[in-house]
1. Using Cα-Cα distances under 8 Å and only pairs 6 or more residues apart, what relative contact order does region 1-138 have, in percent?
2. For semi-axes √(5λ) of the Cα gyration tensor in Å, one of (i) 44, 25, 19; (ii) 41, 26, 24; (iii) 35, 27, 20 was computed from the structure I shared and the rest are decoys. Which label?
3. Please give the calculated 222 nm ellipticity per residue for the chain, where each DSSP H segment of at least 4 residues contributes -39500 (n - 2.57) and the sum is spread over every residue; nearest 500 deg cm²/dmol?
4. Place the peptides 192-203, 176-187 in order of packing, highest mean first, counting for every residue the other Cβ atoms within 10 Å and averaging per peptide.
5. Using packing as a proxy for protection, rank 416-425, 143-152, 114-123 so that the peptide with the highest average count of other Cβ atoms within 10 Å comes first.
6. Lysine pairs, Cα distance under 14 Å, 8 or more residues apart or cross-chain: how many in the chain?
7. Over the alpha-carbon set of region 59-147, work out the extent along each principal axis and list the three values in angstrom, largest first.
8. Taking the Kirkwood radius as the inverse of the mean 1/r across Cα pairs, report the Rg/Rh of region 277-493.
Amino acid sequence: MNLGFLTMIVFLPALAAAVITILSGRISAQTVKVMGLGASVLALMLAATLPSGFIPGAGFQFVESADWIPTLGISYKVGVDGISLLMVLLTTFLVPLALLTAWGGPTKNEKGLTISMLFLETAMLGVFVSLDLFLFYMFWEASLIPMFFIIGVWGGARRIHATLKFFLFTMAGSVLMLVALISLALLNRQNTGVLTFDYTLLQATRGGFAVKWLFWAFFAAFAVKIPTLPFHTWLPDAHTEAPTAGSVILAGVLLKMGGYGMIRFCAGLFPSVALEYRLALALLGIAGIIYGALMVLVQKDLKRLVAYTSVSHMGFVVAGLASFTVAGMGGGVLQMVSHGLATGALFAVVGMLYERVHTRELSAYGGISRVMPQFSWLFLVVTLASMGFPGTSGFISEFMVLLGLWKLQPLLAALAVPGVVLAAVYMLMMFRTLMQGPVKKGLEHLAPLEGREVFVLAVLAAGVIIIGVWPGPWIELIQGDILRIIGGAGGPG
C-alpha cells in the first residue's frame, strides 16, 4: 500500500462533506458554508504545491497504489501527468469560486448544496487522477449523483426535466464506457494471460479490428459529456435550470471530463485508431463550433445563450484533440482551461444579474455600465477571453487549435475560422445589449457588486489574462505528454 498526498487532495472535500453532514443538525447554514469554503480552499492550497515537485514530460508522477480487488485485477491507483495536473488545478481553483457564488441571498437547504458541491469535487478530482480504469469509472459515475441533486433540488422551474435529460444522456454514455473497459481488460487477458484494469498496462493492448470498436465506444461516452454533436441537447436545459454554482462547475469542470477522457483514453489507449480517424473527428468538432455559434445568435434567454457558447467553444476542444498534432492537442487542452475560466465567469455574471433583476430575458437589460461600471469592466475582460482576443487565454488556445488543423489539412482551419468570427459577433452583441445604450426601466438602482462577487470575477479575469500573456509554462506542462501520445501512433505531430 502506497497512499499519500494525492489521495489526501482527492478525498479532503468528501471528508469535509461527511463531517458537515454529521454536524449539520447542530450548526448553522453560515457555519456550513464557511466549513465548505475552507475545505475547498485547503484542497486548492494542497494542489498548488504539486507543480513544485513535478517534472514536465516525465510521465505519471506522485503515483499511489493499493490492492483493491486483486482477483479481478482492480486496484486503487492514482497519479498525474501534465494534462491531469492541469485539470486538478482547474478543479480546485473553480470549486471555491463556485461556492462563493452561492453565498448570497437565502436559498433552500444551503447545507445540502454545500455538501453536494464537496462530494462532486472529490468525484471530479478522482476522474482526473485515476490510473485504474475501474476506479476511473467509479469516480465518473459518482459525479452524476451530486450534480443530479444540484440541478434537481436547487434548479429552476423545469429542473426535473433538465435533471432527467442530463442523467439519461450521461448514463447512456456510461454504459458504453463500462462495456468498453471490461472488453479492453478481457482483450488484454487474451493477449497476455493477465486480467488487469491498470491504465499503463492496457496501453500496450493490441487487438486489430476489435480496438476500433472499443475506441468508438469510449468516444461516444466522452462525446456525450463534452458534449459534441449530436449528443449536445441535454446541455442547454441543464445549464438553464441549474443554480449559478452548478452552472459554473458544469461548464468549468464537468464538461472537461469528456475532453480529458478523449485525450487520455481514445488517444492514449488507441493512438493508431485516433490517427486513422482524425480527419472525421476534426470535422465533427468544427461542426460543433459553427452550429453552437449559430444557435447563440438566436437565443433570447441569457443563460441559454451562454450554454450554446459552450457547445461552440468545446467544439474547438474536439477539433484540436482530433488533429493529433502537438499544436492542436495542446490547444485543445488549453481551451478546456480557458473555457472553464471564461465560461464559468459568464455563468457567474448571469447569476449576479438574475439575483438583481429576476429575469434572464435579454430584452430586459441595457445600460448596466452606467449603473455598475466596475461590473462592466470585469465583464468586458471575460467577454474578450470568450471571443479569443489577443492577450487572453482564449486567443492562445484557439490559435493553437487552428494551427493544428492547418497542419492536418489547411481547409479544416479555413472551415473553423468562421467560428472565431461568429464568437466575436455574439459576444460583442451580448456585451452591447447588457452594458451599453440607455438604462432600461427598472435597472436604474441596481445594487452594486458585493465584495465576494468582485473577488470571483476579478480572480477569473486574472486567470484568463495570466494564461493569455504567459502561456509558456502551461504549454510546457503538457507538451511532453502530448508528444508521448502522438509517438505511440507514429504520428507526425
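1. The normalised contact order for region 1-138 reaches 35 percent.
2. (iii)
3. The helix-only estimate for the chain comes to -23500 deg cm²/dmol at 222 nm.
4. Going by the mean number of other Cβ atoms within 10 Å, highest first, we get 176-187, 192-203.
5. 114-123, 143-152, 416-425
6. 4
7. Sorted from largest, the Cα extents of region 59-147 read 50, 28, 16 Å.
8. Rg/Rh for region 277-493 comes to 1.03.
Just so you know, all these numbers are worked out from the coordinates, no wet-lab data involved. Bear in mind that the values here come from a model prediction, so they are computed numbers and not experimental data. Because the Cβ atoms are built from the backbone with ideal geometry, glycine has one as well, and the counts that use them run over all protein chains shown.
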